[in-house]
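Before any comments, here is the structure.
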Amino acid sequence: MKLLRAAQIAVLPLSLVGCGAIGGMMPTDDTYELGVPRISDTRPVRRGTQVLIAEPQALKALDSQNIVVQTDPLTIQYLGKSQWSDRLPRVVQMRLAQAFQNSDRFTGVGLPGQGLAIDYQIVTEIRSFGIEAPSNTAHVAIAVKILNDRNGVVASERVFEERAVAAGSDNAALVAAIDAAFENVARDIVSWATARL
């Protein structure tokens, strides 16, 4: 597991200006996105390979817009006045799909329901995705399987894990640390997958 500094990681809080007209109330929570990882140094894959990025599985505590703060090994809370832009598994799915597309190694990268003829599914499970409160350290862990869509055989599987130390204790700094850890995990996932396809 690596320790990463997140001081220079840009996280994208979504602008909420102008939302007051919707329902007559302004949202009170800051809404955050995850950055799209830049992908380089990946290996070529077999010509014509198409992959599907399945929505990650996650326990209910992670399957929401809430940003998790783990106060001790058995207790979690949520970061106050902050949320993800969508359910966390959906956000992770979209960013992983973009990371695979950015690798420019696949003929097609699809999501469920898009009708692509798929060779492999990238099946993931979010194990950890939040802040470890005592140390203000982001921890992201995602388990990944490469599933052959033709015969259902798992070609390879691995757990990817990163930690990133927050540059401060405010919400933006904590989310930036989560983003830093996730972007490194996403890059590692794409690099690993291309080496096996």
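Bear in mind that the values in this text are calculations on the coordinates, not laboratory data. What you are looking at is a predicted structure, and each value in this text was computed from that prediction instead of being measured. So basically every Cβ, Gly included, is an ideal-geometry build from the backbone, and we count neighbours across all protein chains shown.
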Protection proxy ranking, peptides 121-131, 167-177, 56-66, average beta carbon neighbours within 10 Å, highest first: 121-131, 167-177, 56-66
Overall form of region 66-118 per C-alpha gyration tensor (a/c, 1.5; a/b vs b/c): prolate
Charge dipole (the chain, unit charges on Cβ, about Cα centre) - positive-most of 48, 94, 130: 48
Extended-chain gain in nm, criterion 0.36 nm per residue less alpha-carbon gap, residue 107 and residue 64: 12.3 nm
Gyration tensor (alpha-carbon) shape descriptor, the chain, a/c threshold 1.5: prolate
Most mobile of 85, 135, 103 in a GNM of the chain (Cα contacts under 10 Å): 135
Positive-end extreme of charge dipole, the chain - chosen from 66, 78, 140 (charges on Cβ): 140
Most mobile of 80, 110, 35 in a GNM of the chain (Cα contacts under 10 Å): 80
Karplus 3J(HN,Hα) series, Hz, for region 176-186 with 6.51 cos²θ - 1.76 cosθ + 1.60 (x for Gly, Pro): 4, 5, 4, 4, 4, 5, 5, 4, 5, 4, 4
Net charge dipole size for region 108-197 [Lys, Arg +1 and Asp, Glu -1 on Cβ; Debye, nearest 20]: 280
Three-way shape label, region 88-197, alpha-carbon gyration tensor, a/c 1.5: prolate
Cα-centre dipole for the chain with unit charges at Cβ (Lys and Arg positive, Asp and Glu negative), debye to 20: 620
Theoretical ellipticity at 222 nm over the chain - DSSP helices of four or more residues, -39500 (n - 2.57) apiece, nearest 500: -7000 deg cm²/dmol
Fewest-first ranking of 31, 194, 75, 107, using other Cβ atoms within 10 Å as the exposure measure: 75, 107, 31, 194
